1. So, in the range 1-43, exactly how many residues are closer than 30 Å to Leu310 by Cα, in a loop (DSSP other than H, G, I, E, B) and of a type in the set (Asp, Glu)?
2. Exactly one of (1) outside any loop (DSSP other than H, G, I, E, B); (2) open to solvent by 30 Å² or more (accessible area, probe 1.4 Å) is unmet by Val166. Its number?
3. Of all the residues that make up the range 346-355, how many are at negative phi and surrounded by 20 or more Cβ atoms within 10 Å (Cβ to Cβ)?
4. Quick one: how many residues across the range 47-72 are surrounded by 11 or more Cβ atoms within 10 Å (Cβ to Cβ) and touching a residue at least 12 places away in the same chain (Cβ under 8 Å)?
5. Would you check if Gly153 is in a loop (DSSP other than H, G, I, E, B), in contact (Cβ under 8 Å) with a residue 60 or more places away in the chain, open to solvent by less than 10 Å² (accessible area, probe 1.4 Å) and under 20 Å from Ala294 (Cβ atoms)?
6. Mind listing whichever residues of the range 375-400 are more than 14 Å from Ala295 (Cα to Cα), among the hydrophobic types (A, V, I, L, M, F, W, C) and touching a residue at least 24 places away in the same chain (Cβ under 8 Å)?
Amino acid sequence: MSNNPEEKLHQVIHHLLRMSDFVYSFANVRRVVKKNRDQIKKKKTGWFSSEEYKVEYDTPALILTQRGAQEEDDNQYLKYDITAAMIKEFMEKNRKWFVEPEGGGDWVFDKTVTEKTEPFLLEEMVDLCAKDNMRFYDYDDEFSTAAGGLVYGVIINLTQKRVVVVFRGTVGATDIGTDRDFRLDHESLFESEDDIFIPGGKPGTHKGFTTYLCDEKKGEDDGRKVLERILSCVNEVFEENADVAGQGFDLYVTGHSLGGGLANLFSFKAAQLKAKGDERVKHLPELVIALTFAAPVVGNEDFNKEYQYLEKKGVLRHIRVSNEGDLVPTTNFIPPFSFGIKGDSSLYTQNGVNLLFHHKDEVKVEYRNTKSFGSQMGFSPLTNHKVGEYHIRVGLEVNKKAYEQTVEELYKVAGEFTD
């Protein structure tokens, strides 16, 4: 079980939602810096005049580590940790280079180079992270573009004594193509007979999400999968990091939307290997906890049986947060929407304990609670899916009572996980 079995949901849900939100913005900011650093640009100085200037960020090494002199670690993209204080300092020094999006969207380069004295909303989020003494042990957005691509972070929260793996959600056409691939992959997470615990089953996972995790890591010569690199990184944290090793830290995995689906699959694989006594996860805690937001379905009924085996064994827990009226966590897509996907969404089911949030009513706690696409049709499906709407509903006063329960207590409230 958890190293902190008495930890209530209110101690973790808000923090993980912030992380699932922050991972979007941080990748955005880093992309703007990498794209524009040291570039020569022009800005207007009058109707018919302009002047050249060089884009020179103040101390970019606060958020970009790749030019550092430190040796590279095969299990990390970052060369050194990035703390919340470092991110805060960078944003304070470089506001003139950014335009913060309103109501979501992409950060963009400020061509006018306008000095700004008011802090960005992102800085307020970073302040909250700083209170948890949070830092990125790793953050890999190396091959991400404005169209998407796999982005993840490994975060150490010293105050709450937890290690968090967070995956970014959908941002563009590349990710949307991944989201749409509902063909079943029966091999990537079940490479050998030893990986299947329930005899006679044929577990399958969402091909799009599985491919993101199980493709070979670009830029590496050893053919190692992205999934294996992340597992090695996390195992290294629990084995070697002086602040974490032997200190009773928990492991949480989180993300919003596509990120929630990746979090579900990653936590399943980590727990599967843990149940097998695999050396690759030797130093991970006995329990892997996923807490996801707006997570889509990731596997078929036989996959869920494997999932339940790990739940019963006590090595896997999943608290799945969803909004009433959000179409992304559903199955059984109907025409014309079903024409836009590959595979059959009706073969899928949800996993774990569902916290279903409403506009005003109290959150409903139920095991699995797979919703059909048609049942969630409404007037604001995109709004209901946005991470901002999740902040609103999770923050409703009427839901605070539910947060006084632990993960294990929520599992008991939801009922036996055998259906």
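1. Selection size over the range 1-43: 2.
2. (2)
3. Kept after step one, since they are at negative phi, are these residues of the range 346-355: 346-351, 353-355.
Still in the running and surrounded by 20 or more Cβ atoms within 10 Å (Cβ to Cβ): 348, 350-351, 353-355.
Result for the range 346-355: 6.
4. Just the residues of the range 47-72 that are surrounded by 11 or more Cβ atoms within 10 Å (Cβ to Cβ), to begin with: 50, 53, 55-66, 68, 72.
Remaining after also requiring touching a residue at least 12 places away in the same chain (Cβ under 8 Å): 53, 55-60, 62-66, 68.
Total meeting the criteria: 13.
5. Values: in a loop (DSSP other than H, G, I, E, B): no; in contact (Cβ under 8 Å) with a residue 60 or more places away in the chain: yes; open to solvent by less than 10 Å² (accessible area, probe 1.4 Å): yes; under 20 Å from Ala294 (Cβ atoms): yes.
Against the criterion (in a loop (DSSP other than H, G, I, E, B), in contact (Cβ under 8 Å) with a residue 60 or more places away in the chain, open to solvent by less than 10 Å² (accessible area, probe 1.4 Å) and under 20 Å from Ala294 (Cβ atoms)), Gly153 does not qualify.
6. Answer for the range 375-400, where residues must be more than 14 Å from Ala295 (Cα to Cα), among the hydrophobic types (A, V, I, L, M, F, W, C) and touching a residue at least 24 places away in the same chain (Cβ under 8 Å): Met377, Val394, Leu396, Val398.
Yes/no per residue for (1) open to solvent by less than 10 Å² (accessible area, probe 1.4 Å); (2) part of a loop (DSSP other than H, G, I, E, B); (3) in contact with a strand residue (DSSP E or B) (Cβ under 9 Å, 6 or more places away or on another chain); (4) more than 16 Å from Ile319 (Cβ to Cβ):
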| position | (1), (2), (3), (4) |
| --- | --- |
| Gly259 | yes, no, yes, no |
| Phe268 | yes, no, yes, no |
| Gln272 | yes, no, yes, yes |
| Ala275 | no, no, yes, yes |
| Arg280 | no, no, no, yes |
| His283 | no, yes, no, yes |
| Glu286 | no, yes, no, yes |
| Leu291 | yes, no, yes, no |
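Residue-wise test of (1) within 30 Å of Leu227 (Cβ to Cβ); (2) aromatic (Phe, Trp, Tyr); (3) part of a loop (DSSP other than H, G, I, E, B).
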{"site": "Glu52", "(1), (2), (3)": "no, no, no"}
{"site": "Thr65", "(1), (2), (3)": "yes, no, yes"}
{"site": "Glu72", "(1), (2), (3)": "yes, no, yes"}
{"site": "Tyr77", "(1), (2), (3)": "yes, yes, yes"}
{"site": "Lys111", "(1), (2), (3)": "no, no, yes"}
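The values are calculated or read from the model by the stated rules, or taken from the named source; none is laboratory data. Everything numeric here is computed off the predicted structure, so don't read it as measured data. Reconstructed Cβ throughout: ideal geometry from the backbone, glycine too, with neighbour counts over all protein chains shown. We work out accessible area using only protein heavy atoms, side chains counted, and drop any ligands, DNA or RNA first. Shrake-Rupley method; radii C 1.70, N 1.55, O 1.52, S 1.80 Å.
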